[in-house]
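Here the structure is laid out as structure tokens; the discussion comes afterwards.
The values are calculated or read from the model by the stated rules, or taken from the named source; none is laboratory data. Just so we're clear, the structure is a prediction, and the values are computed from it rather than from any experiment. No Cβ is skipped: glycine too gets one built from the backbone with ideal geometry, and neighbour counts run over all protein chains shown. SASA here: full protein model, heavy atoms, side chains in, ligands and nucleic acids out. Shrake-Rupley method; radii C 1.70, N 1.55, O 1.52, S 1.80 Å.
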Amino acid sequence: MAGPLVGYRVLDLSRILAGPWLGQLLSDLGAEVWKIERPGTGDDTRQWGPPFLRKDGGVDTTESAYFLSANRGKHSICVDISTEEGSAIVRALAQQADLVIENYKVGDMARYGLDYESLKKLKPDIIYCSITGYGQTGPMKDVAGYDMAIQAIGGLMSITGESDDRPGGGPQKVGVPIVDILTGMYSATGVISALLHRERTGEGQHIDMALLDVQVAVLANQNLNFLTTGVPPKRYGNAHPNIVPYQVFKTRDGSFVLAVGNDQQFRKFCAAAGLAELATDGRFVTNTDRLKNRDQLIPLLDDHLVRETTQYWISILEPVGVPCAPINRLDEVFAHPQVIHREMQIKLPHSAGTTAPLVANPIKFSGTKIEYTKSPPRRGEDTAYILKSVLKYDSAAIQNLNERQIIDIGTS
């Protein structure tokens, strides 16, 4: 069966990560995604390398690994929207689309007649998703938002990193642009919900997505830790604010994660690890006890667990149902039997004359299987095709626009 969004068309005016992540997810689900890029340069992330995709023999292409991570399955169309002819092309494409994605500064799209109100007049049922740092309203709506700044202002860095009183302590960002990625995922929920609403009512709508809103929303238990007590959570490094023991422990040859989630698991851990006396120690019987006496329990576990290897602890704890895991590098991740079985790495032929290694979408449908049919595009590789097939431009008109740099059909 075809993907669940086959037949829908997406006009993607976004760049960097949050919007492109949304566009890639919709493409994975079957939608046709038209990625609008700047002539000559394209999406900013095309230049965010090395590393770059390599041909046989180790020769770099011009395709950055960063760009490849978020633009699978899309059609690249290079149009200068700052010109009247260019913006007219994009407006015409919007009339053929179901959904528009943009992540320009608040008000910028109105200058080109590409804002929601302008496009709504041309296509009343259009669904239009705007992604900004701080939203379309409020005192910071005109401030540019970047992932790390949002992690800082939105509280994530205040709870991430080692405690201030420990070596290396201090605020720390997450190792990937997590706010951008989560904003793309929340946006996918929003636009698909809007499509369902349109199916029932015929109404389109404007979706206002802000990175800061998403950052605040996803702090989850830490939000409620604060809201129920009035005390801002602190950094615990690799430990957990609400569960003990739930952290990284050193071993004889490295480290591993021990993630004891309930009292039964703690008893199983103690029995398997040769620490049976701790399971009945009044200080540690319940999770509440262990939280109160964290500073007494953790040194005991540190002293004991460091005596054996990581593999030893995994081999005795995992079989009895105690959650634990080695801390893998990415080479170990992609060589892991479970990751291989789940087919999380895919490869697609790339128009640069090589094969692109990519990461699969984690959604597993029983019927509408995800099909990967197109690598992340080179800049402008689909401009002529889309203008011909969707807007019925002839070759002479396309060549004329290209010569005047209104569009870009180059792929360098």
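Here is how the numbers come out for the structure above:
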{"read-out": "Candidate set from region 369-399 (those that are in a helix (DSSP H, G or I) and in contact (Cβ under 8 Å) with a residue 24 or more places away in the chain); member that is surrounded by the fewest Cβ atoms within 10 Å (Cβ to Cβ)", "value": "Tyr385"}
{"read-out": "Pairs where the first residue, in region 192-206, is over 15 Å from Lys120 (Cβ atoms) and the second is in a loop (DSSP other than H, G, I, E, B) and of a type in the set (Phe, Trp, Tyr), C-beta under 9 Å, 6+ apart", "value": "Leu195/Tyr8"}
{"read-out": "Candidate set: region 31-61, residues that are out of contact with any Leu (no Cβ under 7 Å at 6 or more places or on another chain) and among the hydrophobic types (A, V, I, L, M, F, W, C); chosen: the one most open to solvent (accessible area, probe 1.4 Å)", "value": "Trp48"}
{"read-out": "Breaking point among (1) open to solvent by 30 Å² or more (accessible area, probe 1.4 Å); (2) closer than 30 Å to Asn361 by Cβ, for Arg91", "value": "(2)"}
{"read-out": "Any hit, region 353-360, residues being over 30 Å from Leu26 (Cβ atoms), hydrophobic (A, V, I, L, M, F, W, C) and modelled with pLDDT of 95 or more", "value": "no"}
{"read-out": "Candidates Gly155, Gly202 - the one that is farther than 24 Å from Ile16 by Cα and at pLDDT 95 or above", "value": "Gly202"}
{"read-out": "Any hit, region 145-154, residues being open to solvent by 40 Å² or more (accessible area, probe 1.4 Å), part of a loop (DSSP other than H, G, I, E, B) and aromatic (Phe, Trp, Tyr)", "value": "yes"}
{"read-out": "Residue tally, condition open to solvent by 20 Å² or more (accessible area, probe 1.4 Å), part of a loop (DSSP other than H, G, I, E, B) and either farther than 24 Å from Ser27 by Cβ or among the acidic types (Asp, Glu) (or both), over region 400-412", "value": "2"}
